[in-house]
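Colleague: Sharing a structure, written as structure tokens. Questions coming.
Every number in this text was worked out from the coordinates using simple rules, so none of it is lab data. Everything numeric in this text was worked out from a predicted model, so none of it was measured. No Cβ is skipped: glycine too gets one built from the backbone with ideal geometry, and neighbour counts run over all protein chains shown.
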Number of protein chains: 2
Amino acid sequence: MTTGARVRRPSHGPGSLLEVAVGEFITRGYDATSMEDLSRAAGITKSSFYHHFAGKEALLRAALERALDGLFSILDSEAARTGSPLHRLRHIVAGQVEVLVAELPYVTLLLRVRGNTETERWALERRREFDARVAALVRDAVEAGEIRTGVEPALAARLLSGLVNSVVEWARPGGSTTNLPAAVANAAFEGILPAP
Amino acid sequence: MTTGARVRRPSHGPGSLLEVAVGEFITRGYDATSMEDLSRAAGITKSSFYHHFAGKEALLRAALERALDGLFSILDSEAARTGSPLHRLRHIVAGQVEVLVAELPYVTLLLRVRGNTETERWALERRREFDARVAALVRDAVEAGEIRTGVEPALAARLLSGLVNSVVEWARPGGSTTNLPAAVANAAFEGILPAP
DNA sequence: GTCTATAAATCGATAGAC
DNA sequence: GTCTATCGATTTATAGAC
């Protein structure tokens, strides 16, 4: 048995390496993660890693693109473009939670970006665009009288974004989304801790 | 006029340097910020900076201590220890927003810590303790029948924490807290976007 | 309390053999 | 597609003069 135990070097493709890299970026932080760390985690040398990706920032960009594509696909869906503003908002919030859990590591990385490099600034800009689209919908819902009076649209949009995005802090990778999107939407629209 | 223009070297104390350092940590990220960056921002050399602080991690620890002391002081206040669970929760949420704005850079830094170093793990542990105290109060409120049925205490506590902490993403340093704490509490307990 | 100079380690990235 | 070896820049931190 022992004679047949070969140290099989895993055949890596770009997708596999990206998955490993994003995992390291999340646990150690992007800046604190060296190419040496990534290579060790993938089981290859630094040089081999450079054969697949141009560098550290190329890895980051690929990961952020995946997260942003997932988020913007929500806005393009049928349910996000039909019905009342409030109905569309509810669907977007639930969809955001779905994408967030399905693409957990990539979205987590996106939400931690601070604009240090050109790639990070590009991602921040696209994120702001997404938030602006949702904020516009919040204003529409308020103006349509679908929201109780006294709610400030700009503040509500920011808190809504904060509540939804905070799910990445405790969601499990690949976790079940059976009723989480609906539960988060309920908390957002009817109160996290409503009186009886 | 030009002859009298002296380049006055600002007399730095530890407090002043900490303020500068935390500002740099927030804009660039802790790991991406070098001691050279800190020295340049403070207007002194790297060596002079080491005269005041043992190193980069000592700066981080001092900043995180300040943030955590602010948060725990909320739990010790009179209003957080008297009245019904729901009443106490409301006060804690509002107080959290107050501390968050008053100590914005320090709390911002705390919320970005990921557990890379021993100092960061210590801060994470104290943060978890604070969250656990709040979560226990949420359970008490649910069991006391002060919360509408169907609300899952653990999920509610997490979303509540996420909503409150997200304020650091857009709050202005030293900004006015005239009605922000109350507005955030309203959003949390009565819905961010409640139906009319 | 500030400075110049530098040590020792690590960083991202490349050259070139197999 | 993987490796060893290394470059040049940058990192945290210290030594020692003023």
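Colleague: Go over the candidates B:Thr108, B:Thr45, B:Thr117 one by one and state the one that is within 16 Å of DNA strand D (Cβ to nearest atom), of a type in the set (S, T, N, Q) and within 14 Å of chain A (Cβ to nearest Cβ). Step through it out loud before you land on a result.
Modeller: Values: B:Thr108 fails: within 16 Å of DNA strand D (Cβ to nearest atom); B:Thr45 fails: within 14 Å of chain A (Cβ to nearest Cβ).
That would be B:Thr117, the only listed residue that is within 16 Å of DNA strand D (Cβ to nearest atom), of a type in the set (S, T, N, Q) and within 14 Å of chain A (Cβ to nearest Cβ).
Colleague: Take A:Ala157 and tell me if it is buried (at least 22 other Cβ atoms within 10 Å of the Cβ), within 7 Å of chain B (Cβ to nearest Cβ), in contact with a helix residue (DSSP H, G or I) (Cβ under 6 Å, 6 or more places away or on another chain) and in a helix (DSSP H, G or I).
Modeller: Values: buried (at least 22 other Cβ atoms within 10 Å of the Cβ): yes; within 7 Å of chain B (Cβ to nearest Cβ): no; in contact with a helix residue (DSSP H, G or I) (Cβ under 6 Å, 6 or more places away or on another chain): yes; in a helix (DSSP H, G or I): yes.
Judged against the criteria, A:Ala157 is not a match.
Colleague: Count, please, the residues in the stretch A:160-196 that happen to be in contact with a helix residue (DSSP H, G or I) (Cβ under 7 Å, 6 or more places away or on another chain), among the polar types (S, T, N, Q) and part of a loop (DSSP other than H, G, I, E, B).
Modeller: 1
Colleague: When you scan the stretch B:162-182, how many residues do you find that are within 7 Å of chain A (Cβ to nearest Cβ) and within 19 Å of A:Asn186 (Cα to Cα)?
Modeller: 3
Colleague: Could you please let me know if A:Ala62 is outside any helix (DSSP H, G or I), more than 14 Å from every other protein chain (Cβ to nearest Cβ), within 15 Å of DNA strand C (Cβ to nearest atom) and surrounded by fewer than 20 Cβ atoms within 10 Å (Cβ to Cβ)?
Modeller: Working: outside any helix (DSSP H, G or I): no; more than 14 Å from every other protein chain (Cβ to nearest Cβ): yes; within 15 Å of DNA strand C (Cβ to nearest atom): yes; surrounded by fewer than 20 Cβ atoms within 10 Å (Cβ to Cβ): yes.
Considered against the rule, which asks whether it is outside any helix (DSSP H, G or I), more than 14 Å from every other protein chain (Cβ to nearest Cβ), within 15 Å of DNA strand C (Cβ to nearest atom) and surrounded by fewer than 20 Cβ atoms within 10 Å (Cβ to Cβ), A:Ala62 comes out as no.
Colleague: Another question, then. Which of (1) in a loop (DSSP other than H, G, I, E, B); (2) free of Cβ contacts under 8 Å to residues at least 60 places away in the same chain; (3) within 13 Å of chain A (Cβ to nearest Cβ); (4) away from DNA strand C (no atom under 14 Å from the Cβ) does B:Tyr30 not meet, given it meets every other one?
Modeller: Of everything listed in (1) in a loop (DSSP other than H, G, I, E, B); (2) free of Cβ contacts under 8 Å to residues at least 60 places away in the same chain; (3) within 13 Å of chain A (Cβ to nearest Cβ); (4) away from DNA strand C (no atom under 14 Å from the Cβ), B:Tyr30 misses just condition (2).
Colleague: How many of the residues making up the stretch B:33-44 are buried (at least 18 other Cβ atoms within 10 Å of the Cβ) and either polar (S, T, N, Q) or more than 13 Å from DNA strand C (Cβ to nearest atom) (or both)?
Modeller: Step one: of the stretch B:33-44, the residues buried (at least 18 other Cβ atoms within 10 Å of the Cβ) are B:33, B:38-39, B:42, B:44.
Now narrow it down to the ones that are either polar (S, T, N, Q) or more than 13 Å from DNA strand C (Cβ to nearest atom) (or both): B:33, B:39.
Adding up the residues that qualify gives 2.
Colleague: Does B:Ala54 qualify as being more than 14 Å from chain A (Cβ to nearest Cβ), assigned to a loop (DSSP other than H, G, I, E, B) and within 13 Å of DNA strand D (Cβ to nearest atom)? Can you show your working first?
Modeller: Details: more than 14 Å from chain A (Cβ to nearest Cβ): yes; assigned to a loop (DSSP other than H, G, I, E, B): yes; within 13 Å of DNA strand D (Cβ to nearest atom): yes.
It is true that B:Ala54 is more than 14 Å from chain A (Cβ to nearest Cβ), assigned to a loop (DSSP other than H, G, I, E, B) and within 13 Å of DNA strand D (Cβ to nearest atom).
Colleague: Select, from A:Leu17, A:Leu38, the only residue that is out of contact with any strand residue (DSSP E or B) (no Cβ under 8 Å at 6 or more places or on another chain), touching a residue at least 24 places away in the same chain (Cβ under 8 Å) and away from chain B (no Cβ under 14 Å).
Modeller: On the way: A:Leu38 fails: touching a residue at least 24 places away in the same chain (Cβ under 8 Å).
Exactly one of A:Leu17, A:Leu38 is out of contact with any strand residue (DSSP E or B) (no Cβ under 8 Å at 6 or more places or on another chain), touching a residue at least 24 places away in the same chain (Cβ under 8 Å) and away from chain B (no Cβ under 14 Å), namely A:Leu17.
Colleague: Being out of contact with any Leu (no Cβ under 7 Å at 6 or more places or on another chain), without any contact (Cβ under 8 Å) to a residue 60 or more places away in the chain, within 14 Å of DNA strand D (Cβ to nearest atom) and of a type in the set (Gly, Ala, Ser), is that true of even one residue in the stretch B:65-81?
Modeller: no
Colleague: Within the stretch A:127-153, which residues are in contact (Cβ under 8 Å) with a residue 60 or more places away in the chain and either closer than 21 Å to A:Gly95 by Cα or part of a helix (DSSP H, G or I) (or both)?
Modeller: Hits for the stretch A:127-153 are A:Phe130, A:Glu146, A:Ile147.
Colleague: Can you name the residue in the stretch A:169-185 that is surrounded by fewer than 21 Cβ atoms within 10 Å (Cβ to Cβ) and not small (Gly, Ala, Ser) and is also nearest to B:Leu180 (Cα to Cα) among such residues?
Modeller: A:Glu169
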